[in-house]
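The values are calculated or read from the model by the stated rules, or taken from the named source; none is laboratory data. Just so it is clear, the model here is predicted, and its values are computed rather than measured. FYI the Cβ positions are ideal-geometry reconstructions off the backbone, even for glycines, and counts take in every protein chain you see. Remember, those area values only see protein heavy atoms, side chains included, never the ligands or the DNA or RNA. Shrake-Rupley method; radii C 1.70, N 1.55, O 1.52, S 1.80 Å.
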Amino acid sequence: MAAAKTYAGIGAIGFVALIDTSMISPVIASYALSLGADGLTASVIAALYSIIAIPMSAVAGFVVDRIGRRGPLVAGLLADAAVMIGYLSSSSPYQLLLFRAAHAAADSFVVPSALAAIGDAFQQVLGRTLAVFWTFVAIAIVIGSGSATAIVSRFGFAGVFATVAAVTALVAAYALTARPVLLHGGAIRDDGERVRDMSAVAVPVMAASLSMMALYLVIGGVVGTLPSLLVSVAGMEERSAAAQIGLFMALSTGLSIPSFFASARISSRYSPFTSLVIGLLAVSISSALLQLSIARAEPRLAAALVFSAALGFVFHGSSHAVLQLPREVRGRASGILNAFGLLGVAVGAPLTAVIAASGISAGPFGTLAVAALLVIALVAYAGERTRVSAPVLRP
């Protein structure tokens, strides 16, 4: 019973970590337009989240390692709930711009603190615990992105912001009052231990982070460039192209859940870097299939199925790899991992658009397929280095 309650708490935090962005991202540009923004300003408001959150994730990771996990998590969740009220009360695009920046800064503390806390409390069952966390993240993405438009149609933009505020505040209250086992209230105690060989930390962190970036580059390309390719190459109308992107993301995210638990088993039995190799191979294969699917529906469906495995193995394997590092660096490692994921989305859309316009024979997704294969070499090196010589602590 106690274990069930603990996992319920982990699931709730995983769900709320992504429910805000998954519900707000599809509608924030339209909300900005409703407040009088022009197209460029609306795009800047939508993009500002990633611009702020990329550096702030690294800062948040450092703070989490210095002052503890529970405080930054609760503060981030409460600030998220408050920002929803700010969104709702905005009367101009410029006020919305400020609240968008505040949202990104607050949100940057949630995932690093939650992951670091899981790494502290569940080293013996880390694979399974992370699988539960990422499962609820995936559920949040599917529910949030799928329900946002429907809520706006029925209740207006206020319905989205109120829903996110209520759910986030509820989980923040749980984290503040229930004092669950996965959250430690105090700072990380200086017990005299330090990581002696920083390269033993840097190599696995970079291998995990670049794996996450390779995955998110494809996501950025799918949401940013594939729609225009479906229109220009496959002859689809804009609404049909948008529907195909929505179907791809919903299908791949929804079907990724079994892969979290498969990755947990492989990571625990062998190594999280083994899971990352499998995930990167799936990234490469799905990207190659996407390149073939611009004019054909069947490869696109196959790409979505393969990409579901990529999501499960890369999300789980990368977080497992950084959370098996010493406790004093888990917050920073988680923050860097989160930043590289956001960077992948921000870079993926313009990068694939440039490649598509340049006429490179491999095409945008063929190029990303090759890039994913190159990251495998670093992952294999990190796995071998970790196996032979784990990070050494100096008294």
- Item | Selection within segment 83-102 - part of a helix (DSSP H, G or I), small (Gly, Ala, Ser) and touching a residue at least 24 places away in the same chain (Cβ under 8 Å) | Ala101
- Return the pairs, sorted by first residue and then second, in which the second residue is of a type in the set (A, V, I, L, M, F, W, C) and part of a loop (DSSP other than H, G, I, E, B), the first residue lies in segment 55-81 and is within 19 Å of Phe15 (Cβ to Cβ), the beta carbons are less than 6 Å apart, and the residues are 6+ apart or on different chains. Arg69/Leu183; Arg70/Leu183; Pro72/Phe109; Gly76/Phe109
- Task: Determine the pairs where a residue that is of a type in the set (D, E, K, R), located within segment 111-139, has a partner that is surrounded by fewer than 23 Cβ atoms within 10 Å (Cβ to Cβ) with Cβ atoms under 7 Å apart, the partner being 6 or more residues away or on another chain.
- Result: Asp120/His184; Asp120/Arg327
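Do you know which residues across segment 276-328 are closer than 15 Å to Leu115 by Cβ and surrounded by 22 or more Cβ atoms within 10 Å (Cβ to Cβ)? Can you show your working first?
Of segment 276-328, the ones closer than 15 Å to Leu115 by Cβ are 314-328.
Within segment 276-328, Val314, Phe315, His316, Gly317, Ser318, Ser319, His320, Ala321, Val322, Leu323, Leu325 meet the criteria.
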- With the first residue restricted to segment 28-52 and required to be in contact (Cβ under 8 Å) with a residue 40 or more places away in the chain and farther than 20 Å from Leu88 by Cβ, and the second required to be in a helix (DSSP H, G or I) and open to solvent by 40 Å² or more (accessible area, probe 1.4 Å), Cβ contacts under 6 Å at 6 or more apart or on different chains are Ser50/Ala346
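Look through Ala282, Ala264, Ala295, Ala302 and report the one residue that is aliphatic (A, V, I, L, M), modelled with pLDDT of 95 or more and farther than 18 Å from Gly348 by Cα. Break it down into steps so the answer makes sense when it comes.
Values: Ala282 fails: farther than 18 Å from Gly348 by Cα; Ala295 fails: modelled with pLDDT of 95 or more; Ala302 fails: modelled with pLDDT of 95 or more.
Residue meeting the stated conditions: Ala264.
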- Query: Within segment 231-257, restricting attention to residues that are touching a residue at least 60 places away in the same chain (Cβ under 8 Å) and in a loop (DSSP other than H, G, I, E, B), which residue is most open to solvent (accessible area, probe 1.4 Å)?
  - Reply: Val233
- Evaluate segment 259-269: report whether one residue or more is open to solvent by 20 Å² or more (accessible area, probe 1.4 Å), part of a helix (DSSP H, G or I), of a type in the set (Gly, Ala, Ser) and in contact with a Leu (Cβ under 9 Å, 6 or more places away or on another chain). yes
- Task: Can you give me the ranges of the helices (runs of 4 or more DSSP H) entirely in segment 113-229 with at least 2 residues that are at pLDDT 90 or above and over 21 Å from Leu276 (Cβ atoms)?
- Result: 126-155, 157-177
